[in-house]
Amino acid sequence: MNPSRLRRPLAALVMSGTAAFLGALASVTPAHAFSNPPIEVAQGIEYMCGGAARDEAAFMEMVSPRWAATIALGVSDGKGAQQGGFPAKAAVQIRQKYTGQVVMDVQTQSPYMLARLNPGAYDVNVTLGGLTLTQSLVVIAGLPARAAFVWPSNFDMASVAPQLPQTLAQSSAAR
C-alpha cells in the first residue's frame with residue numbers, strides 16, 4: 001500500500017475543513033471585534049484609558065489586575081448606582097504623597113485609566129468642571145491598587161460635556 005495516496009485526500013479534507021472554519025470565523029469576528037485602547041506615555045509613565053463601550057469596559061476590567069493602578073471615573077445616578085460611560089474630559093493629576101511632586105498629569109474622557117505607577121504612596125486629584133475629588137492610592141509591588149471617583153448625580157454635566165457641532169445641534173433641535 002502506498003501511504004502517500006492516503007495522505008493527499010486526508011490533507012485536502014483537513015485543509016478544506018480549516019478553510020471553512022476560518023471563513024465562518026471571519027464572518028463572525030468583525031461584529032464582535034474592537035481594538036484595544038492604545039497604551040500612551042505621560043511623564044515617563046505608561047497608561048491606558050478606555051471603557052466607554054461595553055466590550056471595552058469588560059476588557060479594561062479584565063486587564064486592570066495586570067496594571068499597578070486603576071482609576072475609575074463615574075457619575076452617580078442618584079439611586080446608589082453609576083451612569084454608564086463618562087461624558088466629559090477630566091484632568092487627572094497624581095502626586096507623591098509625602099513630597100507633593102507631580103508624577104503624572106493627563107486628561108481623560110474614559111471611565112477607566114490604568115497606569116504603571118512605581119510602588120509608593122500617592123494622592124490622586126481628578127478635576128471635572130471645577131470640582132476636584134481627591135483620594136489616596138498606595139501602590140505595592142505585585143498588587144493592583146484601585147481608586148474610584150464618583151461625582152454626585154446633581155453635578156452639572158451639561159456644563160462640562162463636549163458641545164455638539166453647530167450643524168448637528170441645529171438639526172437635533174429641529175426635530
> Sorting V126, V41 by accessible area (1.4 Å probe), largest first, what list results?
Replying inline: V41, V126
>> Skipping prolines and chain starts, which residues have an amide H placed within reach, meaning under 5 Å, of the one on A42, given they are 5 or more residues away or on another chain?
In response: Y47
> Taking the highest mean first, how do the peptides 60-70, 108-118 order by number of other beta carbon atoms within 10 angstrom per residue?
Replying inline: 108-118, 60-70
> Which order do K89, K97 take by accessible area at a 1.4 Å probe, largest first?
Replying inline: K89, K97
>> Could you check the spin-label model distance between L143 and A58? Points 7 Å from the Cα along Cα→Cβ, value in nm.
In response: 3.0 nm
>> Can you tally the net charge around D123? Count Lys and Arg as +1, Asp and Glu as -1, for every other residue whose Cβ sits under 13 Å from the Cβ of D123.
In response: +1
> When the solvent-accessible surface of protein heavy atoms is calculated with a 1.4 angstrom probe, in what order do I94, I45, I39 fall, highest first?
Replying inline: I39, I45, I94
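The values are calculated or read from the model by the stated rules, or taken from the named source; none is laboratory data. Being a predicted model, the structure only gives us computed values, none of them experimental. Methodologically, a virtual Cβ is constructed for each residue, glycine included, from the backbone with ideal geometry; neighbour enumeration extends over all protein chains shown. Remember, those area values only see protein heavy atoms, side chains included, never the ligands or the DNA or RNA. Shrake-Rupley method; radii C 1.70, N 1.55, O 1.52, S 1.80 Å.
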